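Accompanying notes for the structure given below.
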Amino acid sequence: MLKILGTFCAVIISVFILLGTRGGQQSASAAPELRPAGVLGQGWVNNVSWSPDDKTIAVSSSVGVWLYDAAAPGTEPHLLESQNEPISSAVFSPDGTLLAAASWDNSVVLWDAATSEQKQILTGHTSDVNTVAFSPDGRVLASGGMDNSIRLWETQTGAALLVLEGHQHAIEGLAFSPDGTQLASASGDHSVIVWDAQTGEILHTLIGHTDAVNAVAFSPDGAMLASASRDQTVKLWSPAMGSPLLTLPGHTASVLSLAFSSDGLTLASGSADQSIRLWNGRTGQLISLLEGHEGAVKGLAFRSDSTALVTGSGDGTLRVWDTASGTEQVVIGGFSGGINTIAFSPDGTHIASGSGGALSDDQTVRLWNIQTGQEITVMPDSAGWVQTVIFSPDGDTIASGDDGGVVSLWDAHTGAADAELTGHTASVLSMAFSPDGDMLASGGDDATVRLWDVDAGMLVEIIEREGPVRGLTLGSDSAVVESSSFNTEDASFSSAAASRGMNMTCGHSGELTSMTFSPDGSLAAYGGYDSSINVLNVATGEIEAMLIGHTHRVYSVAFSPDGTLLASGGFDNTVRLWNVQTGKQIAVLDAHHFPVRSVAFSPDGSLLASGSDDGTVRLWQVS
């Protein structure tokens, strides 16, 4: 057994069924080949814009810019991929020939809108770029970012023209006046600044909001400037005089997005209160309230004739509204929040994913068809972020556990909610069905394992543990094999815990984040905050392999069905494949844009799936 020095975490593996001993050593084989096999989901939505000719809707997302045919929004969109970082905002040039995107990699990307050819990458910002805006003649592009600065660029050459400094916090929104002489900026410092777009001189600093300003928009005649704020209000200003005109109350949460219609008669605002409000663009009177989104409305844009409005939300949908009637015309799904957990159906034809996170309002279980890549069903979880999801052995039921401590049972065919099992007092971290599907075990951050009768929806037993329960299996007699972990300086355990199972040190120098058993139950693999993975022999308690490769914490580990491979996903945005027998790293897959929270093999071992905070599930062919 490897000797581990210093502070380490302790693991208790409680075995309530007889585990078989590990089979004979398998002979080494050639490293498997992995090939990309598909992507499920389109990431999370940041913003939306409409092309000047009304033919294309651009959606800024965590994985790039999605281009939709506005005349047939249900058709497959085209992706302009970013450099492994989310796109905050993307806008078309006034003539529609260019598309500019603000990226979290500190750059601005310019694409040819017709050919999707990347024309320029503009660098200079020292932090994430949040917003971009073209001048009315399209010759100048403005960008604003987390570095508190605004930069002006010549669009044809990519040359830097000016750097505007004056805000004390991040730049959240930009807008040129219709004549191009002024540039307005919204900032987290609660102010709006109106700049001379030629010289960079500050013309007016508009003070009145009591919280961060998220967006700005000029009226088509340039007579008014609108601003949207976290203080839940929209304000109208005179950009010529630098004076306030009106305050528009009504939203009940931060106002995130703004747009004037082309005729100037309507001002639209989108909010974290999940609503869109249409205001009279001259008087500020409320015209209509548009409701339907189930998440914050992050972006909105009018069609050029002002008859339609497109909105993008943290609920993973785009919606197109008729502005005259306020009715919803089109709903486009496929976007989601960060993927925390994934599971294959027993027949390997579908994947269930669970979402939730700080960057999106999405708290759902989603069912995907692997062959078509289509989202089949969306099952909303009202209790919290979905942390774990599994299929029943017959594939008819999906169980999900969330950070509100609720276990939900769903009909896998219809998406209907069958039952909610409550009792955990903290996040549900792991679950397992019995082989016959009659019983379900759930393990929580509350240091308990709860055993449920699935048909009756009743709690059968509570087993108290020493720490968060991160791994579970359930035997044919409904006996539990589980693992709980906790940090300790002296590796001491209570006698009650020791009498119920096997105590062992896991060899990690920090908290455990993930755990799984090999298919035959002879091995347990653990990932931790220290970026390593340890493989333990369950029978002896010895560490058989220490897998080093990830450069940050490991979030998920999974054995292949034959037990020869181990997949891992981590905060370093990578998926890694390991040979269990040799402990050698076989492959590093780095296609995700954000941390990888979950990995899973298909039942036949031919596919590896990975779910990420970037809102996508990626599939890899394992040959």
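The values are calculated or read from the model by the stated rules, or taken from the named source; none is laboratory data. Everything quoted here is computed from the prediction, not taken from an experiment. Using ideal geometry, Cβ is built from the backbone for each residue, glycine included, and neighbour counts are taken over all protein chains shown. SASA here: full protein model, heavy atoms, side chains in, ligands and nucleic acids out. Shrake-Rupley method; radii C 1.70, N 1.55, O 1.52, S 1.80 Å.
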Review point. Can you give me the relative contact order of the chain as a percent, contacts being Cα pairs under 8 Å and 6 or more apart?
Key: 12
Practice item. Can you tell me which of 212-223, 181-192, 325-336 comes out highest on packing, and rank the rest after it, using the mean Cβ neighbours within 10 Å? Key: 181-192, 212-223, 325-336
Revision key, fill the gap. Expected sort for 591-598, 118-125, 311-318, 571-578 on mean C-beta neighbours within 10 Å, highest first, is 311-318, 591-598, 571-578, 118-125
Practice item. Grab the alpha carbons of region 93-151, take their convex hull, and tell me the volume per residue in Å³. Key: 66
Check your understanding: Using only helices, what value at 222 nm comes out for the chain when you add -39,500 (n - 2.57) per DSSP H run of length 4 or more and divide by the total residues, to the nearest 500 deg cm²/dmol?
Key -> 0 deg cm²/dmol
Practice item. Mind listing the long-range amide H neighbours of SER89? Cut-off is under 5 Å, sequence gap 5 or more, other chains count too, H placed in the peptide plane at 1.01 Å from N. Key: ALA102
Check your understanding: If only Cα atoms are counted, what is the Rg of the chain, and what is its Dmax, in Å?
Key -> 26.7, 83
Study note, to complete from the structure: On the accessible surface of the chain, probed at 1.4 Å with all protein chains in place, carbon and sulfur together account for a percent value of 48
Review point. Tell me, what is the 1.4 Å probe accessible area of TYR529, in Å² to the nearest 10?
Key: 110
Exercise for review: Please name whichever of GLN363, LEU164, ILE332 sits farthest to the positive end of the charge dipole of the chain, dipole taken about the Cα centre and charges placed at Cβ: Lys and Arg +1, Asp and Glu -1.
Suggested key: LEU164
Revision key, fill the gap. Long-range amide H partners of THR388, meaning residues 5 or more apart or on another chain whose placed amide H is closer than 5 Å, are GLY401
Point to revise | Whole-number accessible area per residue in Å² for region 350-444, which is evaluated in the context of all protein chains at 1.4 Å | key: 35
Practice item. Averaging over all projection directions, find the projected area of the Cα convex hull of region 193-248 and quote it in nm² with one decimal place. Key: 3.8
Exercise for review: Output the direction-averaged projected area (hull surface divided by four) of the convex hull of the alpha-carbon atoms of region 151-262, in nm².
Suggested key: 7.0
Practice item. Compute the Rg to Rh ratio over region 569-623 from the alpha carbon atoms, using the Kirkwood formula for Rh, and round to two decimal places. Key: 0.97
Check your understanding: Once the Cβ-Cβ distance between GLU76 and ASN280 is put in as r, and R0 is 41 Å, what FRET efficiency do you end up with, to the nearest 0.05?
Key -> 0.60
Check your understanding: So for the pair ALA426, THR247, with labels modelled 7 Å out along Cα→Cβ, what separation do we get in nm?
Key -> 4.3
Point to revise | Per residue, in Å², the accessible surface of region 207-279 once ligands and nucleic acids are set aside, probe 1.4 Å | key: 34
Exercise for review: Could you list which residues have their amide H under 5 Å from that of LEU162, counting only those 5 or more apart in sequence or on another chain, with H placed in the peptide plane?
Suggested key: LEU152
Check your understanding: Any idea what diffusion coefficient region 232-318 gets from Stokes-Einstein, in µm²/s, Kirkwood Rh on alpha carbon pairs, 20 °C, 1.002 mPa s?
Key -> 164
Point to revise | Mean accessible surface per residue for region 22-163, computed with a 1.4 Å probe while every protein chain stays in place, in Å² | key: 42
